[in-house]
Amino acid sequence: MERPRTTKSILFLTGTRADFGKLKPLIEQVERSDEFEARIFATGMHMLSRYGKTIQEIQKAGFKHIYGYINQDGAVNSQMDLVLANTVQGLGHYVRESLPDMILVHGDRIEALAGAIVGALANVRVAHVEGGEVSGTVDELIRHAVTKMSHLHFVANEDAKRRLVQMGESEDAIFVIGSADIDVMLSEKLPELPEVVSHYEIPFSDYALCIFHPVTTELADLRRQTQEVVAALEATHLNLVVIYPNNDTGSDVILQAYAALEGHPRLKFIPSMRFEYFLSLLKHAKAIIGNSSAGIREAPVYGVPTVNIGSRQMNRFEYPSIINVAPDKEAILKAIEKLPTDVRPSLHFGKGDSAVRFLAHLRDPATWRISPQKQFKDILRTSELDETVLT
């Protein structure tokens, strides 16, 4: 029997350094409210020593209710199906014990899919942040699967909303709030660059960033792609801060290639970074190189050029600051030599008020009247569909 309580409990699921950074402003808004209570289920990369055991950063943020769950061992190359199964099992136990009013998940990671599955099967409202985005990998399949298992959608812009409507989601359940990480990017909360450089012992203040993740649908070609990227990093004149890839299948190939470059005078390798520190580093970078979504979503906010390598961000946002290239050494070097300059900052993914918009929707009684019993919403009426078939 559910215990009586005067506040609604919102369970935030986070599995990576990146999604926590985007969820943090939303969690802070919930924590400051009188009507809601925030709980955090931290799993995935947060629990792994290899990536800096970043659950410690969640704890340092001062949030009251944090539950850490190890959903994989320390192996570099964890299998995504096993991670999904483990997360469903652990989160399911937690949800049945804590009885949240809502589960909030972000993006396109395996942990988000697990959260949506658990919520849907437990008859708990699932809210999905940043659905309706597109990309060129299995991440897009996961993101759309999360959408179909979710009841509420907090999206970044009208483009994302339009895609969700195409997928049969009710417009009443889609809220355009922007991306919460833009709130942080445009705030005065970022540390100064000298503090970041000192904290991570970066031996230069003139640099570019590099983040290169495995593309799980192109594993047969990953070693070649990584060799091309590494060759370009060695050949360029730029100082580079290289951040480890996520823990998707294939990350071991990239880490092995990086190991051969340890000690290079122009390269600084960092397993993981605090989100605010990363944003400060990005803000002052000459460019970001690789295939991270940060090059597509965050870098344009600061007008920082992006050399986007390969297919991982296929079909996503295009902007004058973004140069798309093949995973080829010469193509990468050519793009680095011709980086765009004086690009106007973009606010396509948010204007800095996402967390406030989010809380306003949570406070709206209409939000809580949206039924967890979903119905597919056809774009065309039945009669129009019949006419389309007949013609």
Check: When the Debye formula is applied to the Cα atoms of the range 1-131, each taken as the same point scatterer, what base-10 log of I(q)/I(0) results at q = 0.23 Å⁻¹?
Finding: -1.55
Checklist line | ³J(HN,Hα), Karplus 6.51/-1.76/1.60, whole Hz, each residue of the range 233-240, x for Gly, Pro | finding: 4, 5, 7, 5, 7, 6, 6, 9
Item checked: Pairwise FRET efficiency - Gln79 versus Glu262, Cβ, R0 = 30 Å, nearest 0.05 -> 0.65
Note to self: What number comes out for accessible area per residue over the chain if the probe is 1.4 Å? Units Å², please.
What the structure shows: 44 Å²
Next item on the list: Taking a cut-off of 26 Å between Cα atoms, list the lysines near Lys377, but don't count ones fewer than 8 places away on the same chain.
Entry: Lys148, Lys161
Checklist line | Computed label-point distance, nm, for sites Ser198 and Asp221 using a 7 Å Cα→Cβ extension | finding: 4.6 nm
Checklist line | Positive-end extreme of charge dipole, the range 1-104 - chosen from Val88, Ile55, Ala38 (charges on Cβ) | finding: Ile55
Note to self: Between the range 12-77 and the range 290-338, how far is it from one alpha carbon centroid to the other, in angstrom?
What the structure shows: 29 Å
Next item on the list: Can you figure out the FRET efficiency of Val138 with Gln166, using R₀ = 25 Å and their beta-carbon distance, to the nearest 0.05?
Entry: 0.80
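Strictly over 26 Å apart at the Cα level, which of Lys53/Lys189; Lys53/Lys338; Lys53/Lys268 would you flag in this model? Working shown, then result.
Numbers: Lys53/Lys189 23 Å; Lys53/Lys338 38 Å; Lys53/Lys268 20 Å.
From Lys53/Lys189; Lys53/Lys338; Lys53/Lys268, over 26 Å: Lys53/Lys338.
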Margin query: Quick query: amide H of Asn324 versus all other amide H atoms, modeled in the peptide plane; which residues come in under 5 Å with a sequence gap of 5 or more or a different chain?
Written below: Asn308
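Show me 357-368, 26-37, 308-319, 100-111 ranked by packing, highest mean number of other Cβ atoms within 10 Å first. Provide the component values of the computation, followed by the final result.
On the way: 357-368: 15.1, 26-37: 17.5, 308-319: 19.4, 100-111: 25.4.
The packing order, highest mean first, is 100-111, 308-319, 26-37, 357-368.
Calculate, for Met314 and Lys338, the FRET efficiency according to 1/(1 + (r/R0)^6) with r their C-beta to C-beta distance and R0 22 Å; round to the nearest 0.05. Walk me through the numbers before you get to the answer.
Values: r = 22 Å, r/R0 = 0.98.
Step by step, r from the Cβ atoms, then E = 0.55.
Could you tell me what percent of the accessible area of the chain is made up of carbon and sulfur, with a 1.4 Å probe and every protein chain present?
Working: 8600 of 17040 Å².
Answer for the chain: carbon and sulfur cover 50 percent of the accessible area.
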Notebook entry, point to check: So what does log10 I(q)/I(0) come out to for the chain at q = 0.07, 0.13 Å⁻¹, using the Debye formula with one equal point on every Cα and no solvent?
Noted result: -0.32, -1.10
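Under unit Cβ charges (Lys, Arg +1; Asp, Glu -1), what dipole magnitude, rounded to 20 debye, does the chain have relative to its Cα centre? Intermediate values should be presented prior to the final figure.
Values: 42 positive and 50 negative charges, 108 e Å.
Roughly 520 debye, rounded to the nearest 20.
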Check: Can you list the residues, at least 5 places off or on another chain, whose amide H is less than 5 Å from the amide H of Gly303, using H built in the peptide plane?
Finding: Ser346
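The values are calculated or read from the model by the stated rules, or taken from the named source; none is laboratory data. Since the structure is predicted, the reported quantities are computational estimates derived from the model, not experimental observations. Glycine gets a Cβ as well: all are built from the backbone with ideal geometry, and neighbour counts include every protein chain shown. The protein model used for the area step is the full one, side chains on, heavy atoms only, and it has no ligands, DNA or RNA in it. Shrake-Rupley method; radii C 1.70, N 1.55, O 1.52, S 1.80 Å.
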